[in-house]
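Reviewing the structure listed below.
The values are calculated or read from the model by the stated rules, or taken from the named source; none is laboratory data. Predicted model, so just to flag it, every value in this text is computed and none were measured. Cβ sites come from the backbone with ideal geometry, for glycine too, and all protein chains shown count toward neighbours. Areas reflect the complete protein model, heavy atoms only, side chains present, ligands, DNA and RNA absent. Shrake-Rupley method; radii C 1.70, N 1.55, O 1.52, S 1.80 Å.
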Amino acid sequence: MTHSRSSSNSLRLALGLLLLHCLFLTDQRATAETLQLTTFQVDVTPPAGERVGIGFIPRYKILEHPTLAKGIILQQDDTTCVLCAIDYCGLCNDSYDLLRRTLAQAAGTSTDYVALQSLHQHTAPVLDSTSARLLYENEPQHLARIIDFEQQLARKLASAVQQSLNNTQTITHIATSRARVERVASSRRLQQPDGSIRTRLSSTTDPQLRAAPEGHIDPELRTVGFFKQNEPVAHLHFYATHPQSFYGNGRISWDVPGIAREKLQQQTGVFQVYLTACGGNIAMGKYNDGTPEARTQLSNRLYSALQNSVKSLKKQPVQKLSWQTADLRFPGRSQPAFSDEVNQKILQNQQATFSQKIKAAMILAWNVRDASQPVQASCLSIGPVRMIQLPGETFVEYQLFAQNKNPDLFVAVAAYSECGMWYIGPDQIYQDRGGYEQTWSFGGPIETQLKQLLTRFLKE
């Protein structure tokens, strides 16, 4: 009897240990399937001496820094999504569609699951083949080189993405943090006592503009980190300001954000991605006189904030990933300056400046796109973390609105995906006296629609 009881106890103990072992294996298998991540990086530097892009910089003469496309691919269950940030001034219309479609096909997913953002450095090209076809219709050889460059770029992106899929890592934890950025960003639109707007651009030596307050900005940088247990695999950083220090001399450069980003990657050995947040009405003008010395100071301050943010990352286990998209439809601008008739005349006018013709071509291209298809915004959710991707040069007011909408969520916002419409400000800018951005806002008022979209993204 004693022997039988002992055997029974031993059997129960063995079964219990077997059950625990199976649960452990199941938990390990679930963890392994939770989230897979891989990174990719491509040199997308335009060739020196060539005229690429729409033509804001006629020719690139000096290579100071190589421009890069840097991104991550996340896979969970049947979902594959791509986040990519590229050191270009802008991606518009057919050019944006080409590169986004390329990333999707290479990763084996849909374009709906691809967020492609430019950083908006003015020391890099704007790709807009739709506008280029209008602007250079009488220069077929030049137009052919523009198209060929974009096709080569697409092939390089596809190759990098496909190769990266062989190097996925299991992500067990996601981490978030915030850090204050000191003396970098400042408002571009300074309201005067009479209610008018005075503009403070990316750099200035005007003592009055330098002395004016920072204005309405988001002083914090936000970081999302991906970890394999205690090992950091990738960091994504979001900060709202125009990223350039000085430009216009034919230099190719990744400028302030690239300098800080690559310095941190070299120091830590961790893959770093920087995304320009809603900096449409934010620049460095208060702290930047346009000298190389000022750029060094700005880069060091941003680097310091990146360091502080990485040091304060707080981890939590990875949860279910979800991806939302929503369409934005822009009302047309009713003013004659944005009409097809006026802008077609500018393109045909021999007396019009090249800058005027670039803008006319871009307005015409946007009018066609806006009439034919909506622009997409997206949101990647992992537990309480929300990473929102918006088009255009979105104003900081939308970022602050999103961050304040739900205090239980960690919200990071990137702007500058499809840039065909350029600035996206609050409705008030269309009535402002003074200011610059509304003259490059090709779409009409969209504040209510955009806030409704953000509210939908931020529901738990």
query = Using a ≥ b ≥ c from the Cα gyration tensor of segment 205-346 (square roots of the eigenvalues), is it rounded, prolate or oblate, where a/c under 1.5 gives rounded and otherwise the larger of a/b and b/c decides, a/b for prolate?
reply = oblate
key: Under the Karplus curve 6.51 cos²θ - 1.76 cosθ + 1.60, θ = phi - 60°, whole-Hz ³J(HN,Hα) for segment 34-51, x wherever Gly or Pro sits   = 4, 7, 10, 9, 9, 10, 9, 8, 9, 6, 10, 5, x, x, 4, x, 8, 9
message = Given Cβ point charges of +1 (Lys, Arg) and -1 (Asp, Glu) and nothing else, what value in debye, to the nearest 20, does the dipole of the chain about its Cα centre take?
response = 960 debye
query = Using 1/(1 + (r/R0)^6) with R0 = 35 angstrom and r between the beta carbons of L63 and F354, what's the FRET efficiency to the nearest 0.05?
reply = 0.90
message = To make sure I understand the rule: partners must be lysines, Cα under 27 Å from the Cα of K357, and not fewer than 8 residues away in the same chain. Which ones qualify?
response = K61, K345
Vicinal HN-Hα couplings computed from phi for segment 416-426 (Karplus, 6.51 cos²θ - 1.76 cosθ + 1.60; Hz; Gly/Pro x) = 6, 7, 5, 10, x, 8, 6, 5, 10, x, x
note = Compactness summary of segment 198-273: radius of gyration and Dmax from Cα atoms, Å, are 16.5, 51
ask   = Tell me, what is the per residue accessible area of the chain in Å², probe radius 1.4 Å?
value = 43 Å²
inquiry  = How much length would be gained if the chain were fully extended between L209 and A371, taking 0.36 nm per residue of separation minus their Cα-Cα distance, in nm to one decimal?
reply    = 54.3 nm
remark   = Under a 1.4 Å probe, counting only protein heavy atoms, L63 has an accessible area in Å², nearest 10, of 110 Å²
request  = Rounded to whole Hz and in sequence order, give me ³J(HN,Hα) for segment 140-148 from the Karplus expression 6.51 cos²θ - 1.76 cosθ + 1.60, θ = phi - 60°, writing x for Gly and Pro.
outcome  = x, 5, 5, 4, 4, 5, 4, 5, 5
task = Normalising by the residue count of segment 91-164, find the relative contact order in percent from Cα pairs under 8 Å and 6+ residues apart.
result = 44 percent
inquiry  = Sort R433, R198 by heavy-atom solvent-accessible area, probe 1.4 angstrom, most to least.
reply    = R433, R198
query = Which FRET efficiency value, to the nearest 0.05, do you get for N230 and Q162 by plugging their Cβ-Cβ distance into 1/(1 + (r/R0)^6) with R0 = 30 Å?
reply = 0.50
task = Could you work out how far apart the two model spin labels at S339 and L400 are, taking each label as a point 7 Å from the Cα in the direction of the beta carbon, and quote it in nm?
result = 3.7 nm
query = Residue separation times 0.36 nm, minus the C-alpha to C-alpha distance between T170 and S304: what's the value?
reply = 45.3 nm
task = Just read off the accessible area of E393 with the full protein assembly in place, 1.4 Å probe, to the nearest 10 Å².
result = 10 Å²
query = Rank T268, T241, T45 by accessible area, highest first, at a 1.4 Å probe radius?
reply = T268, T45, T241
ask   = Amide H of V233: which non-local residues (sequence gap of 5 or more, or other chain) have their own amide H closer than 5 Å, using H built in the peptide plane?
value = F226, F227, K228
request  = Sort E262, E50, E418, E293 from largest to smallest accessible area, using a 1.4 Å probe on the heavy atoms of the protein chains.
outcome  = E293, E50, E262, E418
message = Using 0.36 nm times the number of residues separating H216 and Q428, minus their current alpha carbon distance, what extension gain do you get?
response = 74.8 nm
query = Expressed as a rounded percentage, what relative contact order does the chain have, with Cα pairs under 8 Å and six or more residues apart?
reply = 17 percent
key: Centre separation in Å (Cα based) which lies between segment 43-113 and segment 232-305   = 18 Å
note = Violations at 25 Å Cα threshold for listed pairs K70/K228; K156/K311; K70/K286; K70/K359 -> K156/K311; K70/K286; K70/K359
task = Report in % the part of the accessible area of the chain that belongs to carbon and sulfur, leaving out ligands and nucleic acids; probe 1.4 Å.
result = 50 percent
